[in-house]
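Structure first, commentary second.
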Amino acid sequence: IKKVFIYPNPAQDRIFWYMTAEKIYHIVAELSDMNGRVLIRQDVKRYQPGDIKEISLNHIASGIYNIRIRNNSSGERYGIIRIIKQ
């Protein structure tokens, strides 16, 4: 079972995410607004177990957003987490 962790939450200028994984994956992380519009897409072609990735929030307004982490090859979703941008 893969788990996704995102911190800090609430956040101001950036967030970090990582997931438990047993092998290398092609991962896509998408930050979307509450209407489902994708504002940030991060494509990680070789996500390795233990990697911590950063997403800058500097260019988005304060509010509530969803981050979806999925496998780009299989489409399997590993998590959808709601975050607050202060």
- prompt: Residues of region 59-83 being among the aliphatic types (A, V, I, L, M), in a strand (DSSP E or B) and loosely packed, with under 13 Cβ neighbours inside 10 Å, which ones?
  reply: ILE64
query: Would a scan of region 2-25 turn up a residue that is in a loop (DSSP other than H, G, I, E, B) and of a type in the set (A, V, I, L, M)?
result: yes
- request: May I ask you to list the residues in region 39-58 that are hydrophobic (A, V, I, L, M, F, W, C), within 17 Å of VAL4 (Cβ to Cβ) and part of a strand (DSSP E or B)?
  value: ILE40, VAL44, ILE55
- request: Out of the residues in region 62-86 that are farther than 16 Å from ALA21 by Cα and of a type in the set (A, V, I, L, M), state the one that is modelled with the lowest pLDDT.
  value: ILE80
query: When residues of region 9-42 are filtered for being open to solvent by less than 70 Å² (accessible area, probe 1.4 Å), touching a strand residue (DSSP E or B) at 6+ places or on another chain (Cβ under 7 Å) and free of Cβ contacts under 8 Å to residues at least 12 places away in the same chain, how many remain?
result: 0
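The values are calculated or read from the model by the stated rules, or taken from the named source; none is laboratory data. All values reported here derive from a predicted model rather than from experimental measurement. Using ideal geometry, Cβ is built from the backbone for each residue, glycine included, and neighbour counts are taken over all protein chains shown. For the accessible areas, the whole protein counts, side chains as well, though only heavy atoms, and no ligand, DNA or RNA atoms are used. Shrake-Rupley method; radii C 1.70, N 1.55, O 1.52, S 1.80 Å.
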